[in-house]
Every structure is written in C-alpha cells, then in structure tokens.
1. Positive end of the dipole of region 2-158, charges at C-beta (+1 Lys, Arg; -1 Asp, Glu), about the Cα centre: which of 155, 24, 127 has its Cα farthest in that direction?
2. Dipole size in debye (nearest 20) for region 300-387 around its Cα centre, Lys and Arg Cβ +1, Asp and Glu Cβ -1?
3. Based on the mean of other Cβ atoms within 10 Å per residue, sort peptides 109-119, 233-243 so the most packed one is first.
4. Take the cross-link list 508/566; 351/508; 352/446; 286/307; 209/287; 228/265 and give me the ones stretching past 29 Å between alpha-carbons.
5. For the pair residue 24 and residue 241, what calculated FRET efficiency results from E = 1/(1 + (r/R0)^6), where r is the Cβ-Cβ distance and R0 = 56 Å, to the nearest 0.05?
6. Give me log10 I(q)/I(0) at q = 0.19 Å⁻¹ for region 413-518, Debye formula, one equal scatterer per alpha-carbon, no solvent.
7. Considering every Cα-Cα pair within region 254-346, what fraction, in whole percent, is farther apart than 21 Å?
8. Name the shape class, rounded, prolate or oblate, that the alpha-carbon gyration tensor gives for the chain, where a ≥ b ≥ c are the square roots of its eigenvalues, rounded holds for a/c under 1.5, and otherwise prolate holds if a/b is larger than b/c and oblate otherwise.
Amino acid sequence: MLKKLSFKLILAYVSLIICLVLIVFMLLGALLRDTHIGMIRDMMSSNAQLIELALKNKENKISDSRLKKEINTLSEIMNLRITLIKTDGVVIADSDVKDIKHLDNHLYRQEITAALNEKTGSSVRYSNTLKIDMLYYAQKSGDYLIRLAKPLFEVETSLSRLKSLILNVSIIVIITSIIIITLISIKFTRPINETLEFAGEFSRGRYEKRILNYSDDEIGILQNALNKMADTIVGTINEHIFEQEKLKITIESISDGIALVDNNKNILISNNAFTELLSINTSMDKKLYFEIIRNRKLNSNIEISLKNAQRSSFEIDTTNERILDVVLNPIQSKKSLQGILIVLHDISERKKIEQIKSDLVSNVSHELKTPIAIVKGYLETISENLDNKEMSKDFIGRAIENIDRQNAIIEDIIKLSMIESSTDFQSERIDIKNIVENCIEILTPKINQKGLTVKASFKRGQTFTTNGNQFLAEEIFFNLIDNALNYNTPGGRVTVSGEETDNGIIFKVKDSGIGIPEESIGRIFERFYRVNKGRSRSTGGTGLGLSIVKHAAMVLQWSISVKSGKSGTSFTIITGK
Ligand SMILES: Nc1ncnc2c1ncn2[C@@H]1O[C@H](COP(=O)(O)OP(=O)(O)O)[C@@H](O)[C@H]1O
Ligand SMILES: [Mg+2]
C-alpha cells in the first residue's frame, strides 16, 4: 500500500514535469521559430534593397538573359531565390526557374498582394516541391516587385537541436526528480509505515506497543493521537478485564451452579459448582450446551426456554445421585432474547432431610402405636376371660412390658429432641474412665445374665479427663456399651479402651458380637434404624440409641466412627484436646 502511495507520488510528479517540459518546449519552439523567421525576413529586406540598387535603371536597358544572369549571380551570393515580378503579377525573371513562361501569375500570392499595398510583404508557405516551409518576402521597387524566397531549413535544424536539448534536459530533470521524489516519499512514508506497523501490532493484541519517533508535523500529531487512543483502549480493556475478573470471582464464590447459554446455544460463562454438580469434565469453552450437558430433562427445558424466552423451574436427578433445583432465566435486552441463565441449586440434603423427617413421623407413629395396639389386645382378651386368672396375669405382665417399651421410646424421643434442640450444655471437666466404669456397673446384671466378659482397659498413668458434658458423655458410653452387650454372642467379650494422643483421647468400644452388615453401617445412626428389629426389640432397644450417640457427639464436637466385620464391631470416639 505504501509502495503504491510513493508510486502515486512519483507518477504525479513525473507527469507534472513532463507537462511542464512539453509546455516549455512548445513555447520555446514557437518563440525560436518567430525570432528566426524575423531575422531572415530582416536579412531579406536588406538584400531586397541591395538587389533594388543593383538593378536600378538596368531592367529596361539589359536583355532578359542578362537580367536572368544578374539575378542568378545575386541569388548565389545571397543564397536566396530571387524572382522579379511585374506589378500585374507576370514573372520577369526567376533565379531558380529557367523557363519563366510556365510560371503562374503571382499577383495573388500573399506577399505580392501585401507588397503592392504596403510596399513590403511576407508569408510562410509549405513548398510541395521541397517538402519544407518557405519564407517569401516581396518588396515593391518602381513598376516591378522583387520577391525573395528561402527554405526554412535552418529554422527546422535549430528547432530539432532545441528539441534534442530539451529532451536531454527533460530526461535529466525526470531522473533527478524521480530520485528526489523517491527520497522525499521514503521520508514521508516512513512515519506512515511506523504508524501502520503499530496499528497492525495493536490489532494483533500487542497492546504495549507505541509509536516512538513521532515528528512534529501532522503525521506526528496523528501518531501522538494514536498513542493516546491506544492508552485509552488499553485502559478500557484493563477495566473490562478487571470487571470480568470481579464477575468471575463473584460467580465462582456462589455455591450454586451458574451458567450462561447465549441464543446461539453456546455456553458463555460457567462456574466450578456448575461443572461439579453436573459431573462435567470437559472444557466448556465456546461449546454448544448439549455437547456438554448430558441431562435430557435439563437440555429439553433449555431448548424450550430459548424458543419461548420463558422462565421455568424444575427438579432434575443427576448421574451422581444428586437432586438439583433448576431455574432457567431468560435474559432479554431490547426485547430480544440474549440467552438463558441457568441456576442449579443442590437440594439433595434438603430432600434427604425431608425424607428422614417424613420417615420419622411415620416411624414415630408406628413405634408408638404398636405397643398401644398390643396392650389394647391384651386388655380386651383379659376382659373377655376374667375367670382365667393365670392367663390374665400373664397378659397383664405382657401389657406392662409393652407399656415399658413405649415409655422407653418416649423417653428416648424426648432425650434426642432435647439434645438436638438445646444449645446450652455446660462444658465441664469430665472423667471418662469414671463414666465408663459407672456404665459397666449399671450394666453388670445384664453382663452376668448374658455370661459376657467386659474389660475396661485404660493405659496406666494417663488421665482421661477432658472437656465435655457429663450427661452427654454418659449417654454416649452407656449406649455404645449397651449395644456391645445386646448384639454379642454368648460368652462374648467387650473391651472399652482409652488412650491419650496428641490429637485428644481415643476411646474404643469393641465387641466380639454379631457385627453389622456392610450395607447397614451407613444407616445405623438413623432414627429407628435397626438391622434386625426382632433382636433389637428383645433387648429392649428403641432404635434411637445410636441417634442419641451421634447427636451428643456432635454437640461435644467429638468424632465417632465405626468398623465392623464378622468377628465383631468397634466404635471409635475421639474427644477434643
Ligand atoms: N455393637 C453392635 N453390634 C452389632 N450391631 C449393632 C451394634 N450397635 C448397634 N448395632 C445395630 O444398630 C442398630 C441401631 O442401634 P441403636 O440405635 O442403639 O438401636 P437399638 O435400640 O436397636 O439398639 C441396632 O438395632 C443394631 O442392629
Ligand atoms: Mg441400642
């Protein structure tokens, strides 16, 4: 492009110079020709006067042949064609023509007419014989006219000399001007070149580039303005990047999954929560949403939202067993749809809690209703068989057992809800070794009845006092030891151990009992969950013991874990420091 610009400059200048040369050539040519002709004419005028003098009074006395000879001599000396013409136009003698009889009447020749009127006359005419312009000069002398003629060879020679001179000068001028113009155009185009280079680099994203050597002319001002413009653009870009960063950080800090799909179905923005919730592990950069999202319900709803530009909300199940609440929000600008904002909210926990709650309600009502129905049954049978005292006694005993069971359930429910809802359990120094020993003492009748061996193994010299709450700690250890007894085998063993570590005191309640099936391990802390309902009931269990343990540990901020196999179960509790 720049080459074109300098080429255009050179072309314009060269054309201008050629025009100037042509004009000069034409003007000079005309001037030279006129001057030359004028000079010849002056020379002819003097020669005509000389001829007039030479021929004075001779024309009547000398013969025609003598006159012709005189004229020829003069013509040779003067290097002119001399013609003598009478005032009526008849040629008397001609230095170049032998037989004058064949010559036309010259009366109407331009120079003759002029000479007859004004004494002298001249004209320039093209000679067909000589193929050149001729200058004719006529002068009246008495009753005849002297006419001189001269071919304009010299003029043409001078002109052609002038032509070649001008041509040579023109070539030199053109070559010099091409060199000068090229140098000038290089000087002018260099800053333009720099500016173009800068613009190219800038458009390719090299925003730090600036034009360094700017001159103080208009191009310099333009370069300066471009540099300022670049600064402004870079500033705006930086602001934009900063805004984008802020937006990104904001979006990333939201725990809900967020993504923006434009109306060309491309995913523009998304946060980590979005990819995690939908288990997406490929890059989402400028990809179509249905290439990335593998959830049919979600995809078909996005499709509908993009068509109808309507807000919608619904729930979806994901492949990683989560339940998500989805909101599709159309984004409108100037009444046209720009895209859809997808918001995913993980409601798996809430759903689980809702499920547990509804299970709890049905469990509680079931657990409470069953003993009442049984008691009612016994009482009805007794009232129908009042005479049968033995049976009545037996049934009354069983009714009391069921009432005790119901009582135990109610007590456990109250205890659990108290632990769950109360926040003001006093923190106090408690001695766990002491608590464990008390529990074992209370449970001794059961231990003996089942023929089990229970061992408390606390490392000597270590203290097992920690921060906690007496009531909650008693609940934890009582329930764990009670379970270790209840779900044991005849002649089995139970060991309760304690060990001080850097992280706190580790307690273990280990039994050699029936163990817990693997699929049930995750559920034993749920309310009313029992692996074997019959066995639990026969031990007087309510199905709430481990729920109480879990909540008590949560309040105390202790950790609890369980390991179980065929050879028994082991609960581990780690207290705080
Ligand atoms: N030490 C253990 N060995 C085997 N199973 C156990 C043990 N502890 C608890 N379980 C199982 O966990 C269930 C829930 O325990 P828990 O909440 O104390 O209720 P329960 O009143 O039935 O004892 C029990 O029914 C039992 O199936
Ligand atoms: Mg129990």
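Just so you know, all these numbers are worked out from the coordinates, no wet-lab data involved. None of the values given here were measured: they were computed from a predicted structure. As a convention, Cβ positions derive from the backbone with ideal geometry for all residues, glycine included, and neighbour counts pool all protein chains shown.
1. My answer, from the dipole projection, is 24.
2. Using Cβ point charges on Lys, Arg, Asp and Glu, region 300-387 gives about 880 debye.
3. 109-119, 233-243
4. Distance filter (> 29 Å) returns 351/508; 352/446; 209/287; 228/265.
5. The formula returns an efficiency of 0.30 here.
6. Normalising to I(0) and taking log10 leaves -1.03.
7. Of all Cα-Cα pairs in region 254-346, 22 percent lie more than 21 Å apart.
8. prolate
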